[in-house]
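Q: The structure follows.
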Amino acid sequence: MRAITPRRCERRHRRADVPAEALRLYLDSVAEGARLAGRRVSALVLCDETGWLVGSLAGDRELDLPRVAAVGRWCAAGLGPLGDELEASGGEDLFAHSLPLRGRALTLTSVGARVRSVRTVAADVARILG
């Protein structure tokens, strides 16, 4: 009699071997998950402590992503309102979260809506960036 083993469920529909492309595909899936839950994420920006864009997804909006990253870093640090959050986000809500990753301080900024689970995103980003 042959043993039956469960098939491993593949969670990814699209794959990439290059971390930057894998991160872009992942951010796209995060935005799609929000859309399916009834929330519209117009942009996602992941930057490091210097403001360098580690990964980003602009969707159909024309936003200045480095500016979104800068405003997100400011907000995530709890430094208070800048006054240009709405201008940077094109009038949509902006949400920023610090993601500690192996001694680095990354910031995830979403425009339009919050991402579903920041902890899950942090773990997934750590896995992708290795």
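The values are calculated or read from the model by the stated rules, or taken from the named source; none is laboratory data. Fair warning: this is a prediction, and the values are worked out from it, not measured in the lab. With ideal geometry, Cβ positions are generated from the backbone for all residues, glycine too; neighbour counts draw on all protein chains shown.
Q: Could you run through segment 50-109 and say how many residues are within 20 Å of residue 40 (Cβ to Cβ), of a type outside the set (A, V, I, L, M, F, W, C) and touching a strand residue (DSSP E or B) at 6+ places or on another chain (Cβ under 8 Å)?
A: Here the count works out to 12.
To keep it simple, each residue is scored yes or no on (1) modelled with pLDDT under 85; (2) within 16 Å of the chain's Cα centre (by Cα); (3) of a type in the set (A, V, I, L, M, F, W, C).
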residue	(1), (2), (3)
53	no, yes, yes
62	no, no, no
67	no, yes, no
75	no, yes, yes
78	no, no, no
81	yes, no, no
102	yes, no, no
105	no, yes, yes
110	no, yes, no
